[in-house]
1. How big is the dipole moment of the stretch 2-132 about its Cα centre under a simple scheme where the beta carbon of each Lys and Arg is +1, that of each Asp and Glu is -1, and everything else is neutral? Debye, nearest 20, please.
2. What is the local net charge at Asp84, summed over the other residues whose Cβ is closer than 11 Å to its Cβ (Lys, Arg +1; Asp, Glu -1)?
3. Using the Cα centre of the stretch 2-132 as origin and beta-carbon charges of +1 (Lys, Arg) and -1 (Asp, Glu), tell me which of Ser75, Ser122, Ala59 is placed farthest towards the positive end of the dipole.
4. Counting only residues 5 or more places away or on other chains, whose amide H sits under 5 Å from the amide H of Lys76 once H atoms are built in the peptide plane?
5. Work out, step by step, the length gained on full extension between Ala39 and Ser75: first 0.36 nm times the residue separation, then minus their alpha carbon distance; give nm to one decimal.
6. For every other residue with a beta carbon closer than 15 angstrom to the beta carbon of Ala59, add +1 if it is Lys or Arg and -1 if Asp or Glu, then tell me the sum.
7. Once the other residues with Cβ under 13 Å from the Cβ of Ala17 are scored (Lys, Arg +1; Asp, Glu -1), what is the net sum?
8. Output ³J(HN,Hα) for the stretch 28-35: one whole-Hz value per residue in order, computed from phi by the Karplus curve 6.51 cos²θ - 1.76 cosθ + 1.60 with θ = phi - 60°, and x for Gly and Pro.
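We did not get these values from a lab; they are worked out from the coordinates using the rules stated. Quantities reported herein were computed from a predicted structural model and do not represent experimental measurements. Cβ sites come from the backbone with ideal geometry, for glycine too, and all protein chains shown count toward neighbours.
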Amino acid sequence: MPRRDPQHPTYEFTVPATIEAVPTARRRVVTLARRLGLALSDDLLDTIELLAGEIIANAVLYSGEACEVSVTRTSKSLRVEVTDTNLSLPVATKAEADDESGRGLLLVDALAGSWGAQPSPSGKTTWFEIMSPNSVDTQQTERLAFESTAAGNHHQAA
C-alpha cells in the first residue's frame, strides 16, 4: 500500500514469518521499485532484489516473526527498509570459506550506496539505498560546476 507523501512516495507490505516467503517478497520489492519510476537499469534492479532478499531473510530468520518492508523513492535514491522485532542490530561479519551463510550483510555493504540499522520501538529497522543513475550524474555535474566556478572558470550559458 502506498504511503501518502508526494515528496517521498512509499509502498509498504508485510512478509510472513517463513523463509519460503522471502523470494516472493524480494520480487515484490523490485515490482514496487519499478512502480516508483526511478530510472533503474536491469543490473540495479537485480542488485535491489539481491539486497532486499538478504535483509528480509535476516529479519525472518533472526526475529522468527513477520516483518514490515517499505520501499521509498527519494529525490536521489531508492530506499528499502525492513523492520522486525529482533532488538539486536545486525553486524557484518566475515564468514569462513565453508560456511553456507553469513555473507548477506557483506553483500549489502559492498553493493548498496549506503546502508544501516537503527533501533525501533519494537525492534529494529535495517535499510539500504541504491542511488539513481540520474542523480549520480546530476551530483557529478553540480560538483564539477562548483569546482569550476570556485577555480574562477566562469561560463555563461549560450
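1. Details: 13 positive and 18 negative charges, 140 e Å.
Magnitude of the dipole: close to 680 debye.
2. Within the 11 Å Cβ shell, the charges total -2.
3. Ser75
4. none
5. The Ala39-Ser75 span can extend by a further 11.8 nm.
6. -4
7. -4
8. Values per residue, Gly and Pro as x: 5, 4, 5, 4, 5, 4, 4, 5 Hz.
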